[in-house]
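Remarks on the structure that follows.
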Amino acid sequence: MDAIYIPHLLKKFEQREEIKFEEFLSDLETLTPIRGSLRVTHQGNYLDVRARAETIVTLTCDRCLKQYNHRFVVNTSEMIWLDKEANAIDGKGGEVEIDLEDLVEVLSPNGYFEPGEWLYQQMCLEMPLRKLCDSNCGGIKLTDAEKAQSLFDSRWASLEALKNQLSG
């Protein structure tokens, strides 16, 4: 997706640009292209960005480590503030002190909005935190020999010997 030059949005009908897409994002591994639409509306001092996208990804189950395909849909919106000093860097070696109430996305009103990068961030935020192939997944199945071996830890052998001496 091409970058959107923010001042050009002011010249468009209803100060809005709509993008329909069906493509792969280079940093996000998906089985199918990401399909959807994105709308960027210039609202004077902020951009109203709305997107709906869907794709299928391969995830690894946190319990049994099997891979499975997961279809997920992103339906999100964000307000991105426009501030002339958005790209200004404080003279402290690139570090900027930010107040808690300033933790919002800010762009320069004369800069560019990168829809591909924004969509990538939204897709990453929507990835499930808890990845389970099935709600009844029991995890990795251990054989009886593996269970017995996992119960004995050789690092505790000296302590076990001492315990036997004291009890005997």
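Over all directions, the projected convex hull of the C-alpha atoms in the stretch 1-53 averages 4.1 nm² in area. The distance between label points at Y68 and E105 comes to 3.1 nm (points 7 Å beyond Cα on the Cα→Cβ vector). Each peptide in 127-139, 106-118 receives the mean, over its residues, of other Cβ atoms within 10 Å, and ordering these scores from highest gives 106-118, 127-139. Modelled spin labels at A161 and E54, positioned 7 Å past Cα toward Cβ, are 6.4 nm from each other.
Coordinate-derived values only; no laboratory data. Quantities reported herein were computed from a predicted structural model and do not represent experimental measurements. Heads up, the Cβs are rebuilt from the backbone with ideal geometry, glycines too, and the neighbour counts pull from every protein chain shown.
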